[in-house]
Amino acid sequence: MPDLVLGIALVGGRLAIDFANLPSRPASGPSNSLSWEELIGFLRATRIVSPERAEELLVLTETDPRAAFDLLNRAKRLRDALRATFDALARKQRIPRESVEPINEVLRVTEGHDELVEASRTWRIEYIAREGGLDWLLAAVARSAAELVTEGEETRLRLCANPACSLFFYDNSRTHRRRWCSMSLCGNRHKVAAFARRHGARKRGN
Ligand SMILES: [Zn+2]
């Protein structure tokens with residue numbers, strides 16, 4: 001499978017698009033489920049958290065189930081909002097205000113400031129969130145989504161042309177004519193089907 005990082009297909013080209021596609025299964029269409037393992041796998045695959053932090057988070061369902069439950073719910077709410085937002089954006093329709101609200105909710109927790117922090121004789125600037133907590137883990141996704149929304153009709157956010165797939169992707173191609181979330185999956189399936197149709201039609205014609 002292409003662009004597969006730790007079992008997660010990152011075909012979107014933008015952080016928020018990959019998040020909207022979660023759990024990414026090209027060619028099989030969007031799923032409404034989202035497990036704790038899939039969420040943490042995504043955070044790790046996209047390097048929002050380190051492998052060590054991912055290990056800590058994975059056991060949170062046992063050490064602090066309430067916190068894990070809250071974050072997973074927040075993540076699903078954001079994921080569903082991104083799907084509604086991106087669907088309207090890709091189709092050049094008006095984006096409903098209520099679809100954007102969950103993005104704003106996450107952006108609100110990213111308030112903070114820079115601070116100098118000493119680390120073995122050297123100093124570095126560290127961003128200190130006003131509120132700690134796990135919601136912070138979704139901040140980069142919300143920021144990425146907000147940037148996409150502001151692109152408006154000029155955006156190259158697209159829906160995969162395979163109607164059974166409908167994953168989102170960002171068309172970074174030079175010609176701006178990319179049609180498939182993944183050429184090796186949806187694109188090739190389409191080619192094979194088209195070939196079979198042509199081949200079949202010719203046979204019948206003879
Ligand atoms: Zn696809």
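Rule-based calculations on the coordinates, nothing more; no lab input. Remember, it's a predicted structure, so these values are computed and weren't measured experimentally. Cβ coordinates were reconstructed from backbone atoms using ideal geometry, including for glycine residues, and neighbour counts include every protein chain displayed.
Sort the range 1-113 into rounded, prolate or oblate with this rule: let a ≥ b ≥ c be the square roots of the eigenvalues of the Cα gyration tensor; rounded if a/c is under 1.5, and if a/c is not under 1.5, prolate when a/b is larger than b/c, oblate otherwise. Please report the intermediate quantities before stating the final value.
Values: a/c = 1.81, a/b = 1.23, b/c = 1.47.
Oblate.
Please work out whether the range 55-119 counts as rounded, prolate or oblate from its C-alpha gyration tensor, where a ≥ b ≥ c are the square roots of the eigenvalues and a/c under 1.5 means rounded, while otherwise a/b larger than b/c means prolate and anything else oblate? If you can, show how the numbers build up before the last one.
Working: a/c = 2.96, a/b = 1.48, b/c = 2.00.
Verdict is oblate for the range 55-119.
Towards the positive end of the charge dipole of the chain, with charges on Cβ (+1 Lys, Arg; -1 Asp, Glu), say which of LEU22, ALA90, ALA75 has the farthest Cα.
Result: ALA90.
With contacts defined as alpha carbon pairs under 8 Å and 6 or more residues apart, what's the relative contact order of the chain in percent? Could you put the intermediate results ahead of the total?
Values: 273 pairs, mean separation 51.2, N = 206.
That works out to 25 percent.
Largest first and to the nearest Å, give the Cα extent of the chain along each principal axis.
Extents along the principal axes: 80, 36, 36 Å.
Quick check for me: using +1 on Lys/Arg Cβ and -1 on Asp/Glu Cβ, what's the dipole size of the chain about its Cα centre, in debye to the nearest 20?
Numbers: 33 positive and 27 negative charges, 443 e Å.
Rounded to the nearest 20 debye, it is 2120 debye.
Scanning the chain for trypsin sites (Lys or Arg not before Pro) in DSSP loops with at most 14 other Cβ atoms within 10 Å, what's the longest stretch left with none? Let's see the in-between values first.
Values: sites that count: ARG47, ARG91, LYS92, ARG94, ARG121, ARG130, ARG174, ARG177.
Here the longest run is 1-46.
Relative contact order for the range 73-126: what percent, with Cα pairs under 8 Å and sequence separation of 6 or more? Could the numbers behind the result be given before it?
Values: 32 pairs, mean separation 13.1, N = 54.
24 percent.
Starting at the first residue of the range 69-85, write each ³J(HN,Hα) from the Karplus equation 6.51 cos²θ - 1.76 cosθ + 1.60 with θ = phi - 60°, in whole Hz, x for Gly and Pro.
Result, ordered by residue: 4, 5, 5, 4, 5, 5, 5, 5, 4, 5, 4, 5, 5, 5, 4, 5, 5 Hz.
Hey, got the dipole for the range 3-106? About the Cα centre, +1 on K and R Cβ, -1 on D and E Cβ, debye to the nearest 20?
Details: 15 positive and 15 negative charges, 127 e Å.
It works out to roughly 600 debye.
Does anything in the range 9-42 have its amide N under 17 Å from the 7 Å Cα→Cβ label point of ALA164, and if so which residues?
25-31
Per-residue HN-Hα couplings for the range 48-61, Karplus 6.51 cos²θ - 1.76 cosθ + 1.60 at θ = phi - 60°, whole Hz, x for Gly and Pro?
The phi angles translate into 6, 10, 6, x, 5, 5, 4, 4, 4, 5, 4, 8, 4, 4 Hz.
What list of ³J(HN,Hα) couplings, whole Hz, do you get for the range 113-121 from phi and the Karplus terms 6.51, -1.76, 1.60, once you set θ to phi - 60° and write x for glycine and proline?
Once θ is set to phi - 60°, the couplings for the range 113-121 become 8, 7, 9, 7, 10, 7, 9, 5, 6 Hz.
Test of understanding: given the chain, find the longest segment containing no GluC sites (Glu not before Pro) that are in a DSSP loop and have at most 13 other Cβ atoms within 10 Å.
Working: sites that count: GLU111, GLU131, GLU151.
Answer from the scan: 1-110.
Using modelled amide H (1.01 Å from N, peptide plane; none on Pro or chain starts), what sits under 5 Å from the amide H of GLY112, excluding residues fewer than 5 places away?
ARG130
Counting only residues 5 or more places away or on other chains, whose amide H sits under 5 Å from the amide H of ALA9 once H atoms are built in the peptide plane?
So ALA9 has HN proximity to SER24.
Based on DSSP H runs of at least 4 residues, each adding -39500 (n - 2.57), what is the mean residue ellipticity at 222 nm of the chain after dividing by all its residues, to the nearest 500 deg cm²/dmol? Don't skip to the answer; put the middle values down first.
On the way: 8 runs with 96 residues, N = 206.
That calculation yields -14500 deg cm²/dmol at 222 nm.
Most exposed first by the Cβ proxy, i.e. fewest other Cβ within 10 Å, how do ILE128, ILE48, ILE95, ILE17 rank?
Numbers: ILE128 11, ILE48 19, ILE95 15, ILE17 25.
Sorted ascending by nearby Cβ count, the order is ILE128, ILE95, ILE48, ILE17.
Any idea what the dipole of the range 63-181 comes to, in debye rounded to 20, about its Cα centre with Lys/Arg Cβ at +1 and Asp/Glu Cβ at -1?
Details: 21 positive and 19 negative charges, 169 e Å.
Dipole about the Cα centre, nearest 20: 820 debye.
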